[in-house]
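Colleague: Pasting a structure below so you can have a look.
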Amino acid sequence: MVAAGATATALGSVAVQPAVSLHDVTIAFQLADRAVYTAVEHASLAAADGEFVSIVGPTGCGKSTLLNVAAGLLAPSAGTVEIFGAPLAGLNRTAGYLFQAEALFPWKTARDNVAIGLEIAGVSASEAQGRAEQWLARVGLGGFGPRYPHMLSGGQRKRVGLAQVLIRDPKILLMDEPFGPLDAQTRQIMGNLLLDLWSADRKAVMFVTHDLEEAIALSDRVVIMSAGPAARIIGDWRVSLPRPRDISEIKLDPAFHKLHRDIWQTLKAEVIKGYAQAEGA
């Protein structure tokens, strides 16, 4: 297990800043009765450039809340957020965000949905459409450009969403349970696709999931959060399994099972606590 934190490392005389650094972050919300609910308390987490970090924890522990802070969608009540060493003010425009819920426009084709981010940024329609076709091919949907979202399967719509985010070439990829609604086989296919795309052009990834196996199979590090309220980061494990990885094959590795057992010993108690709190609410 390695300690969580946002410490830059030195290569010679050059300090390498993390892509994302959350330091001593607390996130609290004022409720309708003026009471204050503290979702996350004193959380420190860093993701290096090119590093794949997964965040796992009980339902309602604040995993997505931390992701929203990294995206600049939510300002922390206390603590600091830095992106490549610079304080984050407003939206994190270096990041692409893939949500659990689909963000496709139903009246636009797959090609148009992928191209829209470039067009908004001022890229000509013809260039944006051409690049959208290239990205659809990269995610295994060559020839699907004219189809509308209702004509695609759930896995195919997720591929379009992934292309929609990656076509803008973000430096940081934030992913909030992106494969959660999919069946197990499709999740595995999407996981391998994500690893292939990430390996070709490694970006910093912060990936939220409830699935510990998925987190280990994909990641360089797995971070565990406690049950809320006032959730904390209680574990940070390095995943030393070799790359490139095939998700179905890596799960057969004895080292995978040992790491899963080690992490689950910490996570299990928090999951039980989270369920108990939900039932008593």
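The values are calculated or read from the model by the stated rules, or taken from the named source; none is laboratory data. Remember, it's a predicted structure, so these values are computed and weren't measured experimentally. Cβ sites come from the backbone with ideal geometry, for glycine too, and all protein chains shown count toward neighbours. Please note that ligands, DNA and RNA were not included when accessible areas were found on the heavy atoms of the full protein model with its side chains. Shrake-Rupley method; radii C 1.70, N 1.55, O 1.52, S 1.80 Å.
Colleague: Compute the accessible area per residue over the chain, keeping the other protein chains in place, probe 1.4 Å, unit Å².
Modeller: Details: 13370 Å² over 281 residues.
Value for the chain: 48 Å² per residue.
Colleague: Hey, got the dipole for the range 228-267? About the Cα centre, +1 on K and R Cβ, -1 on D and E Cβ, debye to the nearest 20?
Modeller: Values: 7 positive and 5 negative charges, 18 e Å.
Charge dipole of the range 228-267: 80 debye, to the nearest 20.
Colleague: How large, in percent, is the carbon and sulfur part of the accessible surface of the range 41-108 at a probe radius of 1.4 Å?
Modeller: 57
Colleague: Which lysines have a Cα less than 28 Å from the Cα of residue 268, not counting those fewer than 8 places away in the same chain?
Modeller: 63, 251, 258
Colleague: State the antiparallel share, in %, of DSSP beta bridges confined to the chain, rounding to the nearest 5. Intermediate results must be reported in sequence, preceding the final value.
Modeller: On the way: 23 of 41 bridges.
Antiparallel bridges: around 55 percent, rounded to the nearest 5.
Colleague: For the chain, how big is Rg over Rh, using alpha carbon atoms and the Kirkwood form of Rh?
Modeller: Details: Rg = 19.2 Å, Rh = 19.7 Å.
That ratio equals 0.97.
Colleague: From the P(r) of the range 121-177, can you give the percent of Cα pairs sitting at distances over 18 Å?
Modeller: Percentage above 18 Å: 36.
Colleague: Could you work out the helix-only [θ] at 222 nm for the chain, with each DSSP H run of four or more residues adding -39,500 (n - 2.57) and the total divided by the number of residues, to the nearest 500 deg cm²/dmol?
Modeller: -11500 deg cm²/dmol
Colleague: Among 203/273; 171/273; 108/171; 158/203, which pairs are too far apart, with a Cα-Cα distance over 29 Å?
Modeller: Working: 203/273 34 Å; 171/273 36 Å; 108/171 27 Å; 158/203 19 Å.
203/273; 171/273, as the Cα separations exceed 29 Å there.
Colleague: Hey, another quick one. Provide the net charge surrounding residue 102, with neighbours chosen by a C-beta distance below 10 Å and charges set as Lys +1, Arg +1, Asp -1, Glu -1.
Modeller: Every neighbour counted, the sum reads +2.
Colleague: Taking the radius of gyration and the Kirkwood hydrodynamic radius from Cα positions alone, what is the Rg/Rh ratio for the range 62-207, to two decimal places?
Modeller: Working: Rg = 15.6 Å, Rh = 16.0 Å.
For the range 62-207, the value is 0.97.
Colleague: Binned at 5 Å from 0, what are the whole-percent values of the Cα-Cα distance distribution for the range 25-105, short to long?
Modeller: All Cα pairs considered, the percentages come to 3, 12, 22, 24, 20, 12, 5, 1, 0.
Colleague: Right, another one. Only bridges whose two residues both fall in the range 125-246 count here: according to DSSP, what percent of them are antiparallel, nearest 5?
Modeller: 50
Colleague: Cβ neighbours within 10 Å, averaged per peptide: list 137-147, 45-55 in order, most packed at the top. Could you put the intermediate results ahead of the total?
Modeller: On the way: 137-147: 16.0, 45-55: 22.0.
Descending packing order for the listed peptides: 45-55, 137-147.
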